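Here the structure comes first, spelled out in structure tokens, and everything after it is commentary.
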Amino acid sequence: MNLEYVPLVPVMRELQGLPRDRERFRTYLRTIFPRDTEADQLLPLLAMNPMGKDHVTRLLDALLALDADGIAARATAEAAAELADVPGDFKVGLVISDDLLGGWTNRYANEFTYRFGDEHGRSSQPEPGRRPRWLKDYWLMGVLWSSEPPAAATVRETILMSAHRLAYLHRHGPARNLRDMLAQEGHVMARAGCTAPVLDTDEIAYTREVLAPHLAATDKRACMELLFGDEGGRTLGFTPRGLSPWAGIALALHDARALLGSTRTA
């Protein structure tokens with residue numbers, strides 16, 4: 001896998017510094033799809049809120065102070081070396097998705113699409129060999145959320161997860177049911193070095209019991225309820241199942257980390 005990191009935090013900060021009016025939105029669109037045919041199409045910026053408010057400005061300033069692009073570039077180089085057997089050339093960038101005050105952004109609905117694709121079965125990951133004519137480059141994006149404080153570990157993990165998810169899909173194909181989703185995301189998070197979300201022993205056992213009858217489920221709503229727990233489902237008007245926040249995701253990470261640990265010590 002050939003990966004080229006493109007720093008997008010200064011680009012987002014420059015857009016964020018413009019007055020929140022129509023001209024900012026037009027500049028945002030021209031930034032993503034420039035008239036200069038030699039310039040990059042900055043497709044990850046489609047996930048940002050072009051009319052973000054002051055909380056996004058503060059977050060971008062914190063990311064600049066953190067050297068988030070530098071952290072992400074090093075994670076990109078690490079992923080490229082580790083996944084050298086995976087074919088394809090990709091550009092990589094960070095983007096802030098505004099789930100805090102972005103009116104059309106639901107964290108859980110977007111998370112599901114980024115991880116597993118849309119309701120039509122289209123993957124959110126690039127598909128080599130099927131690039132539309134208008135698309136210059138394939139992109140991987142590391143998504144940061146405006147509701148979360150900036151952290152070096154989060155920046156690193158989101159880049160590594162994006163790369164390992166693409167590699168997993170290359171090797172195993174897209175997830176078709178809840179069992180596949182748990183296997184995919186557990187592997188991706190474990191390989192990226194994630195340590196959260198985490199549940200205690202009793203909650204892990206309870207979550208496993210609740211999910212067990214539904215492992216063959218393919219219904220998007222049911223899968224979201226089980227993966228993200230009652231807190232996420234509540235934001236979408238879904239049925240409470242007595243699950244902790246991120247319950248299924250936490251179970252997936254728990255099991256994958258245990259499996260990864262056992263294979264390393266075998």
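Restricting the search to the stretch 212-228, which residues are without any contact (Cβ under 8 Å) to a residue 60 or more places away in the chain and within 23 Å of the chain's Cα centre (by Cα)? Across the stretch 212-228, the qualifying residues are 215, 217, 218, 219, 221, 222, 225, 226. Restricting the first member to the stretch 194-211 and to residues that are of a type outside the set (Phe, Trp, Tyr) and open to solvent by 90 Å² or more (accessible area, probe 1.4 Å), and the second to residues that are in a helix (DSSP H, G or I) and modelled with pLDDT of 95 or more, the beta-carbon pairs closer than 7 Å and six or more apart or on different chains are 198/250; 208/251. Remark: pairs (first residue in the stretch 247-264, closer than 13 Å to residue 184 by Cβ and modelled with pLDDT of 95 or more; second residue part of a helix (DSSP H, G or I) and of a type in the set (Gly, Ala, Ser); Cβ separation under 7 Å; 6+ apart in sequence or on different chains) = 252/186; 253/186; 253/190; 255/186; 256/186; 256/190.
For the stretch 57-70, a tally of residues being touching a residue at least 12 places away in the same chain (Cβ under 8 Å) and open to solvent by 30 Å² or more (accessible area, probe 1.4 Å) returns 4. Against the numbered list (1) open to solvent by 70 Å² or more (accessible area, probe 1.4 Å); (2) more than 25 Å from residue 148 (Cα to Cα); (3) in a helix (DSSP H, G or I), residue 31 comes up short only at (1). Could we say that residue 119 is in contact with a helix residue (DSSP H, G or I) (Cβ under 8 Å, 6 or more places away or on another chain) and modelled with pLDDT of 95 or more here? It is false that residue 119 is in contact with a helix residue (DSSP H, G or I) (Cβ under 8 Å, 6 or more places away or on another chain) and modelled with pLDDT of 95 or more. Filtering the stretch 34-56 to residues that are in a helix (DSSP H, G or I) and either in contact (Cβ under 8 Å) with a residue 60 or more places away in the chain or hydroxyl-bearing (Ser, Thr, Tyr) (or both) leaves 43, 44, 47, 55, 56. In the stretch 1-40, which residues are under 14 Å from residue 139 (Cα atoms) and touching a strand residue (DSSP E or B) at 6+ places or on another chain (Cβ under 8 Å)? Result: 1, 2, 3, 4, 5, 6, 7, 8, 40.
Taking the stretch 72-119 as the range and being in a helix (DSSP H, G or I), open to solvent by less than 20 Å² (accessible area, probe 1.4 Å) and of a type outside the set (Val, Ile, Thr) as the test, the residues that pass are 72, 75, 79, 111, 112.
The values are calculated or read from the model by the stated rules, or taken from the named source; none is laboratory data. Computed from a predicted structure; not experimentally measured. Every residue, glycine as well, gets a Cβ built from its backbone with ideal geometry; the counts of neighbours run over all protein chains shown. Note: accessible area is taken over every heavy atom of the protein model, side chains too, but ligands, DNA and RNA are not part of it. Shrake-Rupley method; radii C 1.70, N 1.55, O 1.52, S 1.80 Å.
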